[in-house]
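Read through the structure below, which is laid out as structure tokens, and then see the notes.
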Amino acid sequence: MMKRYVRDPHSDIAPSEGRTVLGRWMVNSGDGELTWEGSSWSLGAELLESAARGERTIQLQGIIRPQGRSTPSAGWIELETIAGRNPSIEDLFLVGTRPLPQENITCMCRHPIYKEYLVAGTMDSYLLLLDARLNANLAILAQTRLTAPVVSLVCCGKRLLGLEKYPGNTVLVIDTTTTGKLLPTFLPIGRFSLPLSLTVLAENDSFSAWGLTGEGAVYHLEVPSLQRLSQPHPLVLEESLKKMCSLGHRKIAMANISGKLKSTYRAIKDKQLSWQSFCFREGPFLGFAFDGKHYWSFQQSFHKETGEILLLYNQEGSLIRSFGARPEVSLSSLSYTHNHLLILDLQHQQLHQYHLADTMEPVTGLTPLASHHPGYLPGGTPTTGGIHDLCLLYVGGEGKASVHRYDITKLRPLVGYLTPGGDVKDFFMDGFLLLAQYSPLLNGRSFGTDLDGEPSRKEDWMALFHEYFHPQANLWALENCAKEINRCLNVSRMGPIKVVLSIPTADRRCTDWDHSGFSLAVDSHRVEVTHWAMQELIKRWKRTKFRHLVLAGFYYMTEQGFWDDLVLHTFPKLCQNYGLCSFAIPGITSSWITEFNRAGFDCVALQSSHAFWQPPDRPPHYLLKCAGRIAREFGMGMEVELPYDVLEPAGLQKARDYLEMAAIQGWAGAFKAYFQSYNLIKTLAESEIPACRQLYDELYRMSRLARRQKGSPAHLSRNTVAIDCRGKWAGDSDLEFFRLNIEGHQGVFTLTGLSVE
């Protein structure tokens, strides 16, 4: 098994048996079982096997049993490695933000068992069960009265621990129950006192927690048994509190968040100060979280030039690095859930979610029981307008140079799958998105607020709509191409091709949209012209009476998802009024990556920008890995991006990276959008370079995967699912770290064996 070959075993979410047992289990023999209930989790270690250069094999064995209301099913297991050095966290991506459901919340954490919930404490002594879905906006599902308010809340196995307010030396123990009820409930079962005051708690495992003082002293806190908590006399624990280290003050340069330099930061303001006063917090250290290997904290700051800084420490208390907070984020308290930091922001009355991005590289997917990671948006459903693979078609102005149009020749390799000789062998893409960046009037006006150029006006929108319905190109060419493909394949009629039409973004910089002084600086005017555009396109569509095309929905042109964008939040509702789907493709550098999900968009695909940008000092697949993990966490599809130099070796390899990561991360069979500039897929199909033509074939084969999904074959019995899977990777160093991300399963996951050969 793992004996003698590993050190520093760790898991971000501890097993029910605790972290101490986890360490012994991995290092000694692996005999017995380790159980994780409810949550996704990561399991990793440092591999020390000096003779094992070359190919290595890892095997994982386990079983999934029912949990509460859930039927057991397998998810996805992904293996990541890094050779020769410690993995490091490089960036934090702000991926999800939601408004707080009420103003008096003091703390928040994940639910101990169910991923779909969060738990919050309030100033007026309530414990709230919250809906964790983005578009639910932390709706309050249930509440439990406590005897006193808590200022810090963490999971401890199936229980919760709450640190009561000043003087911060009393811990409330709360049980989680699911006895035949629709929603889990909470039951306070006891409290105990400490010989010193703590500022905040952090999650550790089923038997203990971490405590932090205002001056940065970290304590390991053992939680008493239920029997001891039930004793009638007050319980004061001195022997179970052990000082582990003291967090060092920041002395090193700040790292950037999401790869972007932030030169100015916001001062802590009134609401946060009142919250701190309520908590009676003393000392510079205010926040605390533990991710299985590191401590996270932040310090109090009242100086604008200093700003707020997230601090990352090792378990000896040494500062590893610091991250400057984004201007739109205020730090009030921290918590951790799998792969993410939860940041309570009382200044803006919001909960922010940061994805932790490190330097480990995915190398294989281990699970043989699932065809894809269940977190990704599945293709071919009503949510995607029935689309599995959505191909982007850029029409309109190529800057100020010319107008680009699609004819049947350009569309044939996309609608149909062609042999090297040009014969139609099968259908290919089943969805097409028509969009334009610049006006067909060739005046340089742009249709997206994140593009260069002056904002577009009504005449530009009308010109674009004329291009969509050009009598010899674009939609009409797509209609005629579909008819031709049907004839070539000798079918009376394939399923109709689904079409998505882009709506230009109403830009508030445009103060005279229609030459009559109609200003888009007014939010209601921007909604009005967006609604007008949808009505205009639907009217034109109905006049065409296409036989081989169906309008599936509308696309929001701008890739940025701003928190206060009224048009963005109204867009999906307008689409829904017409029975159509709303589509968006945000980028990983967007201001709010998941804001489209929160706004209620039906179909969102995340673009990684891997084909066009390699952040310095990051692994080769860094952006693809980060985008894939964010997308599966929030139910998105993925975008396949073909680089402009796809016919060159470097560009060809970048394109292949998408196919490789799709297989490793489990999104090959999910909904996918394809960026191909104007005609890059056609260029691959016609290329005489064998490797380029092969890429066209591989794109086609990947497109078939989503249409062959039959669900997971993981249900081996009514009560259990057996897991036994292997993965291989090439090791070229005496020192190597590995991590298994085990996600998306339903039920209680019990690990029975883990070996490396």
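The values are calculated or read from the model by the stated rules, or taken from the named source; none is laboratory data. Every value quoted in this text rests on a predicted model; they were computed, and no experiment measured them. Glycine gets a Cβ as well: all are built from the backbone with ideal geometry, and neighbour counts include every protein chain shown. Surface accessibility is based on the protein's heavy atoms, side chains included, excluding ligands, DNA and RNA. Shrake-Rupley method; radii C 1.70, N 1.55, O 1.52, S 1.80 Å.
Take the Cα of Y644, step 7 Å along the line toward its Cβ, and report every residue of the stretch 410-454 whose backbone nitrogen sits under 17 Å from that point.
437-438, 451-453
So, in Å, what gap is there between the alpha-carbon centers of the stretch 608-630 and the stretch 491-523?
If we compute the Cα centre of each part, the gap is 31 Å.
Could you tell me the convex hull volume per residue, in Å³, taken over the Cα atoms of the stretch 375-418?
Convex hull volume per residue, Cα atoms: 123 Å³.
Let me have the 222 nm mean residue ellipticity of the chain computed from DSSP H runs of 4+ only, each contributing -39500 (n - 2.57), with the sum over all residues rounded to the nearest 500.
Taking each H run of at least 4 residues, the total per residue is -6000 deg cm²/dmol.
Please sort through the DSSP H helices of the chain and keep those with an alpha-carbon extent of at least 27 Å along the long axis and a Kyte-Doolittle average not below 1.0.
Correct list, ordered by number: empty.
Using a 1.4 Å probe, what is the accessible area per residue for the chain, in Å²? Don't jump to the answer; show the numbers that get you there.
Working: 28110 Å² over 757 residues.
Value returned for the chain: 37 Å² of accessible area per residue.
So, in Å, what gap is there between the alpha-carbon centers of the stretch 150-222 and the stretch 331-393?
The distance from the Cα centre of the stretch 150-222 to that of the stretch 331-393 comes to 28 Å.
Which percent of the accessible area of the chain is formed by carbon and sulfur heavy atoms (probe 1.4 angstrom)?
The nonpolar share, carbon plus sulfur, comes to 50 percent.
Less than 12 Å from a label point 7 Å out along the Cα-to-Cβ axis of H531: which backbone N atoms in the stretch 503-524 qualify, by residue?
Those under the cut-off are 524.
Give, in nm to one decimal, the length gained when the segment between S402 and L226 is fully stretched (0.36 nm per residue of separation minus the Cα-Cα distance).
Result: 55.8 nm gained on full extension.
Determine, from the Cβ-Cβ distance of I689 and E757 and an R0 of 41 Å, the FRET efficiency 1/(1 + (r/R0)^6), rounded to the nearest 0.05.
Working: r = 39 Å, r/R0 = 0.95.
Efficiency, from the Cβ-Cβ distance: 0.55.
Under Stokes-Einstein, with the Kirkwood radius over Cα pairs standing in for Rh, what whole-number D in µm²/s applies to the stretch 88-220 at 4 °C and 1.567 mPa s?
For these conditions, the coefficient is 84 µm²/s.
Hey, can you grab everything whose amide H is under 5 Å from the amide H of V150? Only 5+ residues off in sequence or another chain; H modelled, so Pro and N-termini drop out.
When sequence neighbours closer than 5 places are left aside, the close amide H contacts are T122, S125.
What residues have an amide H closer than 5 Å to that of A132, excluding those fewer than 5 places away on the same chain, when H is modeled at 1.01 Å from N in the peptide plane?
Y117, L118
If you take log10 I(q)/I(0) by the Debye sum over Cα atoms at q = 0.07 Å⁻¹ from the coordinates, which of (i) -0.54; (ii) -0.62; (iii) -0.83 do you get?
Comparing each candidate, only (i) matches the computed number.
Expressed as a rounded percentage, what relative contact order does the stretch 611-658 have, with Cα pairs under 8 Å and six or more residues apart?
36 percent
Using only the Cα atoms of the stretch 68-139, what do you get for the radius of gyration and for Dmax, in Å?
Cα-based Rg and Dmax for the stretch 68-139 come out at 17.2, 52 Å.
Sorted by packing (mean other beta-carbon atoms within 10 Å per residue), highest first, where do 285-291, 566-572 land?
Top to bottom by mean Cβ count within 10 Å: 285-291, 566-572.
Name the residues whose placed amide hydrogens come within less than 5 Å of the amide hydrogen of D426, ignoring near sequence neighbours (fewer than 5 apart) on the same chain.
Y417
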